[in-house]
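The values are calculated or read from the model by the stated rules, or taken from the named source; none is laboratory data. Computed from a predicted model, the values in this text were never measured in an experiment. FYI the Cβ positions are ideal-geometry reconstructions off the backbone, even for glycines, and counts take in every protein chain you see.
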Amino acid sequence: MIQALASSRAPRLVVLGLDGVSVRLVRHLAATGRFPALEELAALARPIEAHLPELSPVNWTSFSTAAPPGEHGIYGFTDVDPATGALFFPDARHRRRPTIFARLGEAGFFSKVLNLPALAPVQPSRAVLVAGFPAQDLRQAVWPSPLANILAARGYRIEADTERGLHDPAGLLDDLRTTLRKRREALALLWDDLSWDLFVVVFTLVDRVGHFLYPALEEATHPWRGPCLSLMEDLDAAVGDVLARFADLQGPKRLVALADHGFTTLDCQLDINAWLVRHGLLTYCRPAQGPWDTPAILTPSTAAFALDPGRIYLHTRRRFAHGRLSDTEAVSLGREIAHALRGLTHHGRLLVQEVFFGPDLYGPQAVGLVPDLVVLPAPGVELQGKMGGTQIVGLSPRQGVHRAHDALFADTWDEKARVPKDVGELVLRHFGLATPPVLSV
């Protein structure tokens, strides 16, 4: 493993990541009196906004690069090759900006990072890196390489089996508890020699519980309230472990807590591609062979299509091999789609809070396959951009959904932030590194 000494040029900085934790939730849990560590965070917490779309890879990458999506080029869990129409899953190799850890290493600072989503495959650098989901293989998720074997021998797990959430909630909660215990063991392994300037650890448990059992975290009479709060006590102990370790550090120090997005109860799903089919804007050349079968829709007869969660692409000849629209036609159609979606209702309730145009949201020089439109759902609405669905509005088997608003942020030095990339910039400034002017998204 890499052996390094912490620099003495800046106070140590600890970043505590809490995937999917809102200010509202942490205050609600703190008010029960059962969660002393969360109560301590609640006293410092203030809300920030997620970058859009309000997905983990978008927002954790914005933190880890100190750049908005229009500069790092990650817009979701999925992307599409405009030449072939094939869908793929972008990872760190598609990221267009260096990480703050690489920049800190070049400046002589040493970082240790545990369970940061969207970091794999990790790149060799002057740091210890353990990537989080959606990494599957420790060999791609860990640097330096020998650490992967050490973690594997100790039973470390990148992520719990969240597929169990729909059919075996008790099994999911047990799996999450085991994964959290192994995460804390890794925390002790990496922390204790204090050979670091920056330490980042991310706990993803709330997001995993939230997708399947979120109402149990807020509703006193929910049948899964007891088991979920018991698991939250384990999370509180893990957060308390970080806070206690931080308190024991000698000399000047700083702690920042950060969530990538908020969370709320899920009421219904809105399938954007089914809506486009209904309006004659998307045509299948054959039945979709699965939710990722983009070649089935990227035909000359398709004018627009969506990728998860609400990224709409206008099928132009300039961008896509089989595109149908001219740029002028695309501008007009984009306005029509935005107007129609803003007025879309179900049982008298608006389903869409806003529709943004890609160039306005990400900047005219944005990199990668920039969405032409980005839909921000109304609270409680989950957007879908998969293939093969036929029902425009329906119920979901899951119970919780991301929110772009009310993500948790706290800083013991009381600096302000608005979105996750600001927190990445905060880290760079803390260590005296310049942050180039960028467009906030």
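Data table
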read-out	value
Positions within the stretch 170-186 being within 23 Å of the chain's Cα centre (by Cα) and more than 14 Å from Leu205 (Cβ to Cβ), in sequence order	Ala186
The listed residue being over 24 Å from Leu151 (Cβ atoms) and within 21 Å of the chain's Cα centre (by Cα), out of Thr84, Thr78	Thr78
Any hit, the stretch 248-256, residues being of a type in the set (D, E, K, R) and either surrounded by fewer than 18 Cβ atoms within 10 Å (Cβ to Cβ) or free of Cβ contacts under 8 Å to residues at least 40 places away in the same chain (or both)	yes
Among (1) out of contact with any strand residue (DSSP E or B) (no Cβ under 9 Å at 6 or more places or on another chain); (2) closer than 23 Å to Gly20 by Cβ; (3) not β-branched (Val, Ile, Thr), the one test that Ala288 misses	(2)
Among (1) β-branched (Val, Ile, Thr); (2) free of Cβ contacts under 8 Å to residues at least 24 places away in the same chain; (3) farther than 24 Å from Gly20 by Cα, the one test that Val142 misses	(3)
Of all residues in the stretch 33-50 being in a loop (DSSP other than H, G, I, E, B) and out of contact with any helix residue (DSSP H, G or I) (no Cβ under 7 Å at 6 or more places or on another chain), the one that is surrounded by the fewest Cβ atoms within 10 Å (Cβ to Cβ)	Gly33
Options Pro57, Pro53, Pro90: the member that is within 15 Å of the chain's Cα centre (by Cα) and assigned to a helix (DSSP H, G or I)	Pro57
The stretch 93-123, subset part of a helix (DSSP H, G or I) and either among the small types (Gly, Ala, Ser) or not assigned by TED's automatic domain parsing to the domain that holds Ala67 (or both), residue nearest to Ala66 (Cα to Cα)	Ala102
Some residue of the stretch 278-291 being in a loop (DSSP other than H, G, I, E, B), buried (at least 16 other Cβ atoms within 10 Å of the Cβ), charged (D, E, K, R) and outside the structural domain of Thr78 (by TED's automatic domain parsing)	no
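Residue by residue, here is whether (1) at pLDDT 95 or above; (2) among the charged types (D, E, K, R); (3) part of a loop (DSSP other than H, G, I, E, B) holds:
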{"residue": "His405", "(1), (2), (3)": "yes, no, yes"}
{"residue": "Glu415", "(1), (2), (3)": "yes, yes, yes"}
{"residue": "Leu433", "(1), (2), (3)": "yes, no, yes"}
{"residue": "Leu439", "(1), (2), (3)": "no, no, yes"}
